[in-house]
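Everything below concerns the one structure shown next.
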Amino acid sequence: MSELITLSKKDAQFESYLLGTFSKTHRALPQQTLNVNSASELVTFRVLPLNEITKPSFWAKMSQIYKVRTFLLIFLPLFLILTKNIDDQTMQDPVTTAIATIGVLLAFISINLRNDYMDHMKGVDRVLERSGSRAIQNGWITAAQVKHLSSFFLFMALVCAVPLLFAFPQLAGIFAVSLVVGLWAQFKKQNSFKYRIGGEFALFVMLGPLLTVGFQIAMGVPGDVEAFWLGCVWGWLVLFVVHLRNFMNIFPSSQAGFTNTVNWLGFDKARRLIAGWWILFLVFNLTYHLTYAGFYWGVYLTVVLAFASVGFIYKLKNISSPVGSEMRKVFRSGFYLFLIAIGMWVFECLWYLLR
């Protein structure tokens, strides 16, 4: 038997219901949130016994909680750097390479979990229906459990970092910057990078040049300009998807008072931002390939991606409203471009390895 209960932010039990610590036998699923992220916030919960919560299979649930689909964001740049150094015959230490790969994955899982926890508590995932893993909102796991798992994976990532620091002291600077950015982005309760204009730059740094240069050093190879620019191109592509997702959610985000670069610009300027961002990616990718990968691959990739971009730019130009199914179509079209770009990048790397 389920029941509905509405709590305000001023109620003593409010936080325990959000965290899921109010009971060991029941879960509170947020159904409606009003005045989100304000002193007068109201949340209506549906309280259910644990045995009445619908759950997918174990592996499907784990995949959703840990957002396995997002692992591509770290595995691809690691693969690109690995391919680069194997092809150049510069890779020195496979043991530290393996430790660095595991450590990066553990840190990424920790950040993903902490992100879901923060967005649930702040209200982002309670207001935006497609935001986050939905595991907390569906009652598969509590916010408190997600927070504890995040801390555990962060600790394990730091354990992996210790031998790397002893082996390559020059990594200390990269770890220090990553730690500062990570603490600001994930542990600051108010105004983290996700809720600041231009704050997406933190994601660019973490998943871009810091990741690629740091991973190359962990392989026993000094950081170089190519690894840095490879990280910049990859980070730029990641932010394209971030801006695209924020654009899809521009209307509910603006209504809820969540600030990011896209909804600060507004609907029309955000369209131009996304189109310009993609065009600049094509330019940066071509420049990188002409400088480091050769004329053939640079021109080939650019021609294919430019041809594939026509439909996306057309949809983006002709969309007239921030609500409705057209926004979803624009997102899908842009995300397909992202997948085509990384698919061709992987094909290129495999060609280098197998030639």
inquiry  = Can you tell me which residue is surrounded by the fewest Cβ atoms within 10 Å (Cβ to Cβ) among those in region 142-160 that are of a type in the set (A, V, I, L, M) and in contact with a helix residue (DSSP H, G or I) (Cβ under 6 Å, 6 or more places away or on another chain)?
reply    = ALA144
message = Exactly one of these conditions fails for ARG134: (1) free of Cβ contacts under 8 Å to residues at least 60 places away in the same chain; (2) closer than 30 Å to VAL43 by Cβ. Give me its number.
response = (1)
request  = Check LEU48 against each of (1) at pLDDT 85 or above; (2) over 16 Å from ASP116 (Cα atoms); (3) out of contact with any Gly (no Cβ under 8 Å at 6 or more places or on another chain) and name the one condition it does not meet.
outcome  = (3)
key: helices (runs of 4 or more DSSP H) completely within region 197-278 that count 3 or more residues being at pLDDT 90 or above   = 209-218, 225-248
task = Could you identify the single residue in PHE307, PHE281, PHE338, PHE331 that is in a helix (DSSP H, G or I), aromatic (Phe, Trp, Tyr) and surrounded by fewer than 12 Cβ atoms within 10 Å (Cβ to Cβ)?
result = PHE307
ask   = Yes or no: ASN318 over 30 Å from VAL346 (Cα atoms) and open to solvent by 20 Å² or more (accessible area, probe 1.4 Å)?
value = yes
inquiry  = Checking HIS120 against (1) closer than 30 Å to LEU18 by Cα; (2) surrounded by 21 or more Cβ atoms within 10 Å (Cβ to Cβ); (3) modelled with pLDDT of 85 or more; (4) in contact with a Gly (Cβ under 9 Å, 6 or more places away or on another chain), only one condition comes out false. Which one?
reply    = (3)
request  = State whether the residues of region 30-41 include one that is touching a strand residue (DSSP E or B) at 6+ places or on another chain (Cβ under 9 Å), farther than 30 Å from TRP351 by Cβ, open to solvent by less than 60 Å² (accessible area, probe 1.4 Å) and at pLDDT 85 or above.
outcome  = yes
key: Output for region 297-328, where each listed residue is more than 30 Å from ARG355 (Cα to Cα) and hydrophobic (A, V, I, L, M, F, W, C)   = VAL310, PHE312, ILE313, LEU316, ILE319, VAL323, MET327
ask   = Which residue out of TYR288, TYR296 is open to solvent by 40 Å² or more (accessible area, probe 1.4 Å) and either within 17 Å of the chain's Cα centre (by Cα) or outside the structural domain of ASN35 (by the TED database) (or both)?
value = TYR296
request  = Give me the pairs, please: first residue somewhere in region 273-286 and within 18 Å of TYR300 (Cβ to Cβ), second residue anywhere and small (Gly, Ala, Ser) and open to solvent by less than 10 Å² (accessible area, probe 1.4 Å), beta-carbon distance under 6 Å, and either six or more positions apart or on two chains.
outcome  = LEU286/GLY298
inquiry  = Among the residues of region 56-72, what is the count of those that are in contact (Cβ under 8 Å) with a residue 12 or more places away in the chain and of a type in the set (A, V, I, L, M, F, W, C)?
reply    = 3
note = Here the residues within region 129-167 that are assigned to a loop (DSSP other than H, G, I, E, B) and more than 18 Å from the chain's Cα centre (by Cα) are GLN137, ASN138, GLY139, TRP140, ILE141, THR142
request  = Take ARG114 and decide whether it is open to solvent by less than 50 Å² (accessible area, probe 1.4 Å), touching a strand residue (DSSP E or B) at 6+ places or on another chain (Cβ under 9 Å) and closer than 22 Å to ASN249 by Cα.
outcome  = no
Flag if ILE74 is open to solvent by 60 Å² or more (accessible area, probe 1.4 Å) and among the β-branched types (Val, Ile, Thr) = no
ask   = Of everything in region 260-272 that's basic (Lys, Arg) and without any contact (Cβ under 8 Å) to a residue 24 or more places away in the chain, which residue is most open to solvent (accessible area, probe 1.4 Å)?
value = ARG272
inquiry  = So if I check each of PHE22, PHE14, PHE75, PHE45, which one is without any contact (Cβ under 8 Å) to a residue 60 or more places away in the chain and in the same structural domain as ASN112 (by the TED database)?
reply    = PHE75
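The values are calculated or read from the model by the stated rules, or taken from the named source; none is laboratory data. Since the structure is predicted, the reported quantities are computational estimates derived from the model, not experimental observations. We place every Cβ from the backbone using ideal geometry, glycine too, and count neighbours over all the protein chains shown. What goes into the accessible areas is simple: the full protein's heavy atoms, side chains included, and nothing from ligands, DNA or RNA. Shrake-Rupley method; radii C 1.70, N 1.55, O 1.52, S 1.80 Å.
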